[in-house]
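The structure appears right after this line, and notes come after that.
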Amino acid sequence: MNLAIVTRPMLAVVVLVAGVAPVAAPLAEDSVLMRAMRDELARSMAELQLEDAEKPYFLAYRVQERTYGNATASLGGLLSVSEGVNRQLLVELRVGDHSFDNTNFMAAGSAARRPNVATLSVDDDYDTLRRQIWLATDIAYKRALDQLAGKRAALQNQTQVKDVPDFSEMPPHQYDGRTDGQLDTAPARTLARDISTAMRGRAHLSRSEVRVTAYLERTWFVNSEGSEFVRETPYIELHALAAAQAVDGTELEDFVALWAKRWEDLPAPTVLADRVRAMTKRLEQRREAAHIERYAGPVLFEGQAAAELVSQVFGPRLVASRMPTFENPAMQRVSARYRNPFLDKIGSRVLPRFLSVVSDPTIEAHDGVTLWGRQSVDDDGLPAQRTLLVERGILKTLLSTRVPLAEVPVSTASRWRDAPLPGSLFVTPGRGLADEELREELFALASERGLDHAIIVRRIGSRSARLDWRSGGFGGDGRSSSVEPLIGAYKAFPDGREELIPIAGLSNLSESDFRDIVNVSEATSRHDTGFSPSIDGGATWPVSVIAPALLFEDVSVRRPMANIPTPPLTPHPLSEG
Amino acid sequence: MSQPRAPQPALVQRRPQVRLASCAVATLLLAGQAAAGVLEVMREELERSREVLSEQPTPAYYLSYEITEDKTVSVGGAFGSLTQGWESVRRSLDVDLRVGSPALDNTRELSQRVGRGSRRFGRAAPIPIEDEEGLRSVLWYRTDARYKEAIERFTKVQADVQVNVETAEETGDFSLEKAEVASEDTVALRADRAGWEDKVRQYTAPFADSGHIFSANATIWGNVETRWYVNSEGSAIKTSTAYYRVSIQAVTRAEDGMVLPRSEQFFSLTPEGLPDDETVMAAVHKMVGDLEALRAAPLVEPYAGPAILSGKASGVFFHEILGHRLEGHRQKGATEGQTFRKMVGEAVLPETFSVAFDPTIRRFGATDLVGAYRYDNQGVKARRVPVIVDGVLKNFLMARIPIEGFPRSNGHGRKNTGFAPVARQSNLIVEASETMTREELKARLLAMVERDGKDFGLYLDRIQGGFTITRRDLPNVFTVTPTLVYRINLDGSEELVRGVNLIGTPLTAFSRIEAAGDDFQVFNGTCGAESGAVPVATVSPSILVSQIEVQKGSTTQTRLPILPPPGDAVSDARSLASTGETR
């Protein structure tokens, strides 16, 4: 059967975002929502009290409004589209005092742990908003009293090893980031359809999908200390994902992932389509490539792979989240296993002396391209700040929020939702080698071990870019340690020859191995990636990582251990005719 | 390699209650362009796969594709303001692929020793709304995956059959049915989003006048479900149905913490069929009054005695205790209670009662019935199935899962996307050859109350929903959750009460049905069971039951809000804010 393959012309994506410079105006003075938030906050702080119980000592409202348009497409046809608007109120209410309050406690039951979230009216109707905020505050207050009583009861029989306050005191801060900018979400559909067209006619692809998420998130914040902010976060995310089965049946995936704040910041559709075609080409090459069984020796991580390695292995250790007190002491012991080992490394060397790491949310762009991680205020309303995390190899501090830890008592203004998140992450070499020199060193190290080749990794799977969420990673079980599979790894020979490896995993590479990085390139490159503050994955948020190529002396690489599915029995519909 | 699917939860609960759809457009609607081509592409791909898969060592003997498109517009409001609005469109694919033979195939239920396994299709695959190449690609990929799962499961089924004692009758796993060919035009979703937004504001505004109503939401929802179905027997069917719903829910709490909900639902198959604003607002004002009255209403202690169930309440009652037990596959599962399996030909209800399931009727009186459809999810034409005639059990609801004495489907193989079809209810129609007026029913109730030495009887008016358990390893109980219950005192006075749920066991409950009223009511809702949520309706008269049992409803110990509603204090807070005292 002959199938006519029609290629659609790429449609230009329309630029529809207003400028993003904040306007000087009294802080949201004219906003009905802000007024309702302030008024109910004032009333609650003054009057909300159950007889014989404590009043709230801290109250914050964070309202997040999202106007969104999402589209998914495959091979030039839309799979789904959705558009809408919603507003959520998050209430943070504390009873007790800064040193000991209702938080940082995990009750045995689940009811007390529910987040204080309510749906708010998207109409700026003062009376309705007040009513909704009133009811949500009432629930939060009662819950806080229950939590405080539960925590006190539990601690009657336990002695806290460290007496760390529950909440740090910070000066109030106001920020008005209103631009009244709009993000037209309609281009999401056009873009998803057009980019997915670039994957048409490829019989080697078993599945493919383009996902475009676009929204404008407005956040209004007010707390009882006098902090207020209004922040606008335009967000465009594009993921082009494809899967193929290798000749032997091994499942392979690859992706193109991009984030932008304005449609015009995305590469031109023709450039995007070229990148997607290059990705499908890579998959085609990997289908035919030969596996390696096992390799132990020097490995050079370049470009995207270096950034992903930093993001997936080293980055989550730069985040300090406090372990709560558990009502159940057995849970306390279990939770101790998940303690971030870097909490005990502050002041110690965690990287070679020629590397430093900085989280910087204050830098707008790198080489003219908008950075992810740029933020004016964090979700506690604190002014975002540059934080030197590792100075010439020595760990100086960790990213934190207003929930203090013994090791990190002061907030680094890094709160995003409920956990700390880096701004743009700069891994800066104090010295480095030119690319050729770095390769020479790689091969010298390989030769020392009697190896005729080394391994260079240029692409690693991303946590935010999985085609099949159920598989938990690329090609079934390509994962090892906490790193996604290597999807662009090469056996490299001293004569310049390179042999592609279809898929491989890293065995047990951990943050402590970064201390022994042998050398890095002098040049850095920037990659955006879906960053998860948890080492075990979870929700991701884009972070720009600027890092050099990283040379490790002793890394174990192996073939994925999962069984290989048989190739399809019926030929691909495009392979006939 | 694929793994067997996780078993279904042990407790099969069915709650015929209205729930907001989690998935699912006017401005976005891409409509079914190339829609005519969808069936053709599906047929070609089916044929291509069938040729290859029927030649394998374990050949596929049956293959069907069903593509379901959901276009949805939803707007929601609370207390007079808009809270949400969204639109979506998506399509998903379900593949039914069978290896073995109709007598024994890969869908056979596995014994608990092996792990029950399920008849679930696996997550429905998203499929392009448009475009042929994407459609072919997904059909191809999913068929291959389904074939591999099927041969793996069939091996387990064969081993299980060898090891186990013969329990099921030899009725086979799948019935052969005649090929059907039909095509409807795609129905347009007619959503006036701006108009709907005004309506949800209007419908929820009166709730803001009460300081005691803690949640009040209205949703207007429009959905068009278009289905394309082909199978290897030659069926090719396209159907398209619109559903429109206005749903209003409000909650108050009594001083003792008991949560008291009230809801109203209006369904229609056309936007014009939804009630006008005057009707809805009358219902809203009644809800506000009911909620205030409920707060002050006395609690009812657990009670066993006579009661009248309104048409809506009795519809849910019949749905739970009768309908689910007449679903064909429940007569053969080794874990099923099989309440009615051996009772065909026996009287199960008073002879004045007859019950039929009829998906072919789309309207009763002025109300559309959401349990209507033309073809079921297995390509079988919908038909009326009289299950109880003059009180005598005659028939079961049948999907293509044969049972002893009932080898063929009667068009009730239903499912939601991602699930394998089993026999499910459609429009449950209760008929009564003798009826009484409300007054006559009440008089008879009071006579029973007096006879039994009770102080009062009950009238169950509005209901929220219910559920039942049909498995044999758990008590075969049912619950119907009313929201408005009245105590009918011996002097004939009626008094609103709160805090009761109707409970019971099926056969006892049937034996207590005494008489039917002449006031037939429609209940439109969604029923959830092992093949997912499906729209169902009941048409039923009010009924008099000589004895029902009620138990205490659930409650919370949460106090009422500490501060008065802001409306009472708005001026105070504003003045505080303006003098800077908030900082």
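The values are calculated or read from the model by the stated rules, or taken from the named source; none is laboratory data. A quick note: this is a predicted structure, and the numbers were derived from the prediction, not measured. Glycine gets a Cβ as well: all are built from the backbone with ideal geometry, and neighbour counts include every protein chain shown.
Within segment B:70-114, if we keep just the residues that are within 8 Å of chain A (Cβ to nearest Cβ) and not in a strand (DSSP E or B), the residue that is surrounded by the fewest Cβ atoms within 10 Å (Cβ to Cβ) turns out to be B:80.
The residues of segment B:130-163 that are more than 13 Å from residue A:74 (Cα to Cα) and among the β-branched types (Val, Ile, Thr), listed by number, are B:143, B:151, B:155, B:157, B:161, B:163. Among the numbered conditions (1) modelled with pLDDT under 95; (2) outside any loop (DSSP other than H, G, I, E, B); (3) surrounded by 18 or more Cβ atoms within 10 Å (Cβ to Cβ); (4) out of contact with any strand residue (DSSP E or B) (no Cβ under 7 Å at 6 or more places or on another chain), the only one that residue A:514 does not meet is (1). Could you list all residues from segment B:246-268 that are within 14 Å of residue B:287 (Cα to Cα), β-branched (Val, Ile, Thr) and surrounded by fewer than 20 Cβ atoms within 10 Å (Cβ to Cβ)? If the condition is that a residue be within 14 Å of residue B:287 (Cα to Cα), β-branched (Val, Ile, Thr) and surrounded by fewer than 20 Cβ atoms within 10 Å (Cβ to Cβ), then B:251 is the only one that fits.
Can you pull out the residues in segment A:84-105 that are away from chain B (no Cβ under 14 Å), assigned to a strand (DSSP E or B) and farther than 30 Å from residue A:188 by Cβ? Spell out how you get there, then give the answer.
Our first condition is that a residue be away from chain B (no Cβ under 14 Å); within segment A:84-105, this holds for A:90, A:92, A:94, A:96-105.
If we keep only those that are assigned to a strand (DSSP E or B) too, we end up with A:90, A:92, A:94, A:96-97, A:100-101, A:105.
If the condition is that a residue be away from chain B (no Cβ under 14 Å), assigned to a strand (DSSP E or B) and farther than 30 Å from residue A:188 by Cβ, then A:92, A:94, A:96, A:97, A:100, A:101, A:105 are the ones that fit.
Looking only at residues in segment A:65-80 that are in a strand (DSSP E or B) and more than 27 Å from residue A:124 (Cα to Cα), which one is farthest from the other protein chains (Cβ to nearest Cβ)? It comes out as A:71. The residue of segment A:541-577 that is farthest from residue A:207 (Cα to Cα), among those that are among the hydrophobic types (A, V, I, L, M, F, W, C) and within 14 Å of another protein chain (Cβ to nearest Cβ), is A:561. If we keep just the residues of segment A:219-234 that are modelled with pLDDT of 95 or more, out of contact with any Lys or Arg (no Cβ under 6 Å at 6 or more places or on another chain) and of a type in the set (Ser, Thr, Tyr), which is farthest from residue A:531 (Cα to Cα)? Per the stated criteria, the residue is A:224. Among the numbered conditions (1) more than 27 Å from residue B:130 (Cα to Cα); (2) more than 13 Å from every other protein chain (Cβ to nearest Cβ); (3) over 24 Å from the mean Cα position of the chain (by Cα), the only one that residue B:230 does not meet is (1). When segment A:287-303 is filtered for residues that are crowded, with 22+ Cβ neighbours inside 10 Å and more than 21 Å from residue A:443 (Cα to Cα), nothing remains.
Scanning segment A:177-203 for residues that are more than 25 Å from the chain's Cα centre (by Cα), more than 10 Å from every other protein chain (Cβ to nearest Cβ) and buried (at least 19 other Cβ atoms within 10 Å of the Cβ) turns up A:190, A:194, A:198.
Does segment A:408-423 contain at least one residue that is part of a strand (DSSP E or B) and within 16 Å of residue A:553 (Cβ to Cβ)? Before the answer, list the steps.
So in segment A:408-423, the residues part of a strand (DSSP E or B) come out as A:415-416, A:419-420.
Then keep just the ones that are within 16 Å of residue A:553 (Cβ to Cβ); that gives none.
Among the residues of segment A:408-423, not one is part of a strand (DSSP E or B) and within 16 Å of residue A:553 (Cβ to Cβ), which makes the answer no.
Candidates are the residues of segment A:213-239 that are within 14 Å of chain B (Cβ to nearest Cβ) and assigned to a strand (DSSP E or B); the one that is surrounded by the most Cβ atoms within 10 Å (Cβ to Cβ) is A:222. Exactly one residue out of A:383, A:409 is over 20 Å from residue A:61 (Cα atoms) and not β-branched (Val, Ile, Thr): that is A:409.
Please find, among B:155, B:171, the residue that is of a type outside the set (A, V, I, L, M), in a loop (DSSP other than H, G, I, E, B) and more than 28 Å from the chain's Cα centre (by Cα). Please lay out each step first, then the result.
Details: B:155 fails: in a loop (DSSP other than H, G, I, E, B).
Step by step, each of B:155, B:171 is checked, and only B:171 is of a type outside the set (A, V, I, L, M), in a loop (DSSP other than H, G, I, E, B) and more than 28 Å from the chain's Cα centre (by Cα).
Taken together, the residues in segment B:322-347 that are surrounded by fewer than 24 Cβ atoms within 10 Å (Cβ to Cβ) and within 17 Å of residue B:389 (Cα to Cα) amount to 8. Only residues that are facing chain B (nearest Cβ under 8 Å) and of a type in the set (Lys, Arg) were counted across segment A:114-146, and they come to 3.
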